1. In 5 Å bins starting at 0, how do the alpha-carbon pair distances of chain A split up by percent?
2. How large is the helix-only mean residue ellipticity at 222 nm for chain B, computed as the sum of -39500 (n - 2.57) over DSSP H runs with n ≥ 4, divided by its residue count, in deg cm²/dmol to the nearest 500?
3. Would you mind classifying the protein assembly as shown by shape? Square roots of the alpha carbon gyration tensor eigenvalues, ordered a ≥ b ≥ c; an a/c under 1.5 is rounded, otherwise it is prolate if a/b is larger than b/c and oblate if not.
4. Cα-Cα pairs above 17 Å in segment B:18-129: how many percent?
5. Given points 7 Å out from each Cα along the Cα-Cβ axis, report the A:Asp185 to A:Gln29 separation in nanometres with one decimal.
6. Expressed as an acute angle from 0 to 90° and rounded to the nearest 10, what is the orientation of the C-alpha long axis of helix A:100-127 relative to the principal long axis of chain A?
7. If the label point is 7 Å along Cα→Cβ of A:Asn147, which residues in segment A:81-115 have backbone nitrogen under 12 Å from it?
8. First check a/c for chain B, with a ≥ b ≥ c the square roots of the eigenvalues of its C-alpha gyration tensor; if it is under 1.5, answer rounded, and if not, answer prolate when a/b is larger than b/c or oblate otherwise.
Amino acid sequence: MTAAPSPRRKSARAKVPRRRLPAEQRKQQIAFTAQKMFIEAGRDSVSMQSIADTAGVNIALLYRHFRSNVELYQAAVIEPLVVAIQEAVSTNRDDWPADAESRFTLVHQSIMEFVRTSGPLLRIALFSDGTSAREFYSEHIVPLLKNWVEPMLQEVADAGNLDLDIQATAVATFGAHLTFVLYPDASEDESASADIAGQLASLHWRGLSSR
Amino acid sequence: MAGTTVAESTADERRNEILRASRRIFTEKGYVKALTKEIAAAAGISESSLFSIFGSKEEIFVAAMFDPLDDLVLEMLDISAVVPAREARDRQRAYVRANERMLQVMSEVVFLIGIAMFSDRLLGQRYFDERLGPLFRRWLEATEQTLRNEAGVDIPPRLLLMSVFGSHFGLSLDAAMRGVEIDNPHCARWLAKTYWSGIGSLAR
């Protein structure tokens, strides 16, 4: 469906000299290769064979490390996301500024930073196919919103004495940031993202803080 | 459309039935794994009658996603064109209605947007160049008009459009992923407060 060169050109890749790596390192190398290919071409367009070719291993060895494409997908996409989500959830801010608007800006910056760094993998986990996406969403994104975004917004509401619809704000904010980051012509630049986070915060603040 | 014959309206219905069925299948399977055979079965027709209406899976996907979105943007342009003559309270009501409409459409196509825009970079880039980019440019015209209706508001139109779109997308995605109907009035209220009150507090 696409005219661009696909990563399936066996002849070019199969010649990569194969070095013996310790099993654990080899496993990681395969998962990392798969991750890059999923990001580049989408989950469904990448076969186990093409991953083996690109990683410079034969298919039997690949299957020794990962019994199925589902297992490889877990290791390449879901596990790194779970780590990033756990990291986000476990950051407890104890340096909240006193005023509500500064807190709100900080919340937007935190969400933007998470979405920017996890964007390439989130794209795959959320939009490859509905069934596994739903599973990922309920197991990992729902807790992320509930245990990370919502408590941060509660800090905002407390500081400003605001009647904030925290759940809707969390979901809509996450969606807005995701759209900015994944939009096809979006800049991947860190400072550009920080800019957008600030602008979004001030746009939303005008409405949410109005009585 | 006033003079449609019975045969034409049946053809329209069948087309819509296929598109409805395809949204279910694309949402379950994703784009690559969805089969035209399954879409035909879900629509209750044979695969060959499906191919008498659509040339390919891609054509179905594009229609399933863009038919409702193209209609929506036309409605938004209409709303933004008639709104300026009205009082502030009526303008607010018009925006709330617009939000409800957007949520309704977004709920139908949220996963398809996800696939087309976000799941595959190259696919996304092509849909963007050919369809989504032009659609967003027309949508931006409606947003610019809306902002012109509210004197004294200095929000960059693109920021507002992307943010409104993204908020609708997030709210619809959340409901779709959790397998529940979107609470449209509740979400529309949130959107009205966030965007309308924010703009309203700056206007005049």
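1. Going out from 0 Å in 5 Å bins, chain A shows 1, 6, 14, 16, 15, 13, 10, 8, 6, 5, 3, 1, 0, 0 percent.
2. Counting only the DSSP helices, I get -25000 deg cm²/dmol.
3. oblate
4. 60 percent
5. Result: 4.2 nm between the two label points.
6. Here the helix axis deviates by roughly 20 degrees.
7. Residues passing the 12 Å test: A:82-91.
8. Values: a/c = 2.12, a/b = 1.79, b/c = 1.18.
Cα axes put chain B in the prolate bin.
The values are calculated or read from the model by the stated rules, or taken from the named source; none is laboratory data. Being a predicted model, the structure only gives us computed values, none of them experimental. When we count neighbours, we look across all protein chains shown, and the Cβ atoms used for this are built from the backbone with ideal geometry, even at glycine. Accessible surface areas use protein heavy atoms only, side chains included; no ligands, DNA or RNA. Shrake-Rupley method; radii C 1.70, N 1.55, O 1.52, S 1.80 Å.
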